[in-house]
Amino acid sequence: MKVYLDNAASAPMDPEVFEHMKPFFFEMYGNPSSTHAHGRALKNIIEQARRTIATNLNARPGEIIFTSGGTEADNMAITGAVEGMGIKHIISSPIEHHAVTHTIEHLEAQGRVTVSWLSVDGKGHIDLAELTELLKAHQHCLVSLMHANNEIGTLHDIQAIGELCREHGALFHSDTVQTMGGFRFDMETLPVDLATASAHKFYGPKGVGFLYVRKGINLPPLIHGGSQERSMRAGTENLASIAGMAFAYDKCQKMHDHKSQLLWDLKTYMQEQLREAIPGVSFNGDTSREKSIPTVLNTSFPGEAEDSLLLFHLDIQGISVSGGSACNSGANLGSHVLRTIGLTGAPLVQAVRFSFGPQNTREELDFVIGKLKEIVPASVM
Ligand code: PLP
């Protein structure tokens, strides 16, 4: 049996999404910027995709900018706010994805911004009182805080954070990569100015995403060239992927309640079964229904061994999971998120991120738990 529990790294593409993309590889070709019939037909497809996404978000189509994925959208939001909106100070947290932290650090190293890193508690929550104090001290700054953490699944209260930002005249960017498919957002009421999405996290293709940019916010392009995306992102559009992403997003939103129920069932079951089967197991981050996402369960196993050893044993058994985040694997630096929430000794903690998709079953989880019962005692050094 092969079990894939790494959906937060990349979810398998929905076959219906692929069917929807197929015509754009062979039957419908040309350049969407061409003014002839072939080109116009493709431009229509792009604008239809934009409308589909905007309608689901209760946003305006002009507020959606297509990008090559979450990393580019995060870079565009943060760098664009500095270049286009006169931002000189950024408030963020050390448990953001590296697409955010490294972008901020790069701008800081260039002397273009100063930065305040919020403290984070043992479950991955920030302190709103600390944020308020920083907002009072720094007028017209950018706040960049993710919705759900990709490694531990803890949710930030972006409604409350956004309201504080509005009150203090700050711009608010949220990396919503882990929640854009699984949550319903209403941009009319959610006080977020810039939000990031990546299609391969919601059963769409890899290498495509979007940035929501609230009307009135002017971001200069990160990539210069032609006038695609209303001159905010140059380059011939990734048409098939854009169409696939819009289809995948629409489908996720339509199946929202059903999927959410399925995923919570899997996460709860896994947590209960692990507690029963493995003495000394513990869970990292917030795992509650109110303050976490159903797709991620970060677990520490007893022992002092490197998590890579446990991952290696699981891999041999046909089980694909992640240690920190996939983007870090190979770098062997341990997880910056686990270190920040106080898992001292990380990477010398056997932490495994199980991340679920609606295609997973309880039978698969039983298989994984059976294997863990054999592996965990053996991998403790
Ligand atoms: N932000 C978060 C929270 C993520 O989980 C990821 C991907 O793992 C990204 C950004 C980067 O997205 P992409 O893979 O589309 O570049």
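The values are calculated or read from the model by the stated rules, or taken from the named source; none is laboratory data. The structure presented is a predicted model; accordingly, all values stated were derived computationally and were not measured. Every residue, glycine as well, gets a Cβ built from its backbone with ideal geometry; the counts of neighbours run over all protein chains shown. Ligands, DNA and RNA are excluded from the accessible area calculation, which covers all protein heavy atoms including side chains. Shrake-Rupley method; radii C 1.70, N 1.55, O 1.52, S 1.80 Å.
A few notes on this one:
- Residues in the range 73-95 that are within 16 Å of the ligand (Cβ to nearest atom) and not in a helix (DSSP H, G or I) were compared, and the one that is surrounded by the most Cβ atoms within 10 Å (Cβ to Cβ) is ILE95.
- Residue within the range 13-28 that is surrounded by 14 or more Cβ atoms within 10 Å (Cβ to Cβ), more than 19 Å from TYR203 (Cα to Cα) and more than 16 Å from the ligand (Cβ to nearest atom) present: yes
- Looking only at the range 140-159, residues that are in contact with a helix residue (DSSP H, G or I) (Cβ under 6 Å, 6 or more places away or on another chain), polar (S, T, N, Q) and more than 13 Å from the ligand (Cβ to nearest atom) come to 0 in all.
- Checked against the criterion of being of a type in the set (S, T, N, Q) and surrounded by 15 or more Cβ atoms within 10 Å (Cβ to Cβ), the candidates GLN273, GLN261 yield just one match: GLN273.
- Just one of (1) touching a residue at least 24 places away in the same chain (Cβ under 8 Å); (2) surrounded by 14 or more Cβ atoms within 10 Å (Cβ to Cβ); (3) under 21 Å from THR340 (Cβ atoms); (4) not aliphatic (A, V, I, L, M) fails for HIS106. It is (1).
- Total residues in the range 110-127, condition without any contact (Cβ under 8 Å) to a residue 60 or more places away in the chain and either surrounded by 14 or more Cβ atoms within 10 Å (Cβ to Cβ) or part of a strand (DSSP E or B) (or both): 8
- Selection within the range 139-161: residues that are crowded, with 22+ Cβ neighbours inside 10 Å and of a type in the set (Gly, Ala, Ser). The member of this set that is farthest from LEU219 (Cα to Cα) is GLY153.
- Search result, residues across the range 48-68 that are farther than 19 Å from PRO221 by Cβ and either open to solvent by 10 Å² or more (accessible area, probe 1.4 Å) or touching a Pro at 6+ places or on another chain (Cβ under 6 Å) (or both): GLN48, ARG51, THR52, ALA54, THR55, ASN56, ASN58, ALA59, ARG60
- Taking the criterion of being of a type in the set (A, V, I, L, M), touching a residue at least 60 places away in the same chain (Cβ under 8 Å) and away from the ligand (no atom under 16 Å from the Cβ), the residues of the range 169-202 that qualify are ALA170, LEU171, MET187.
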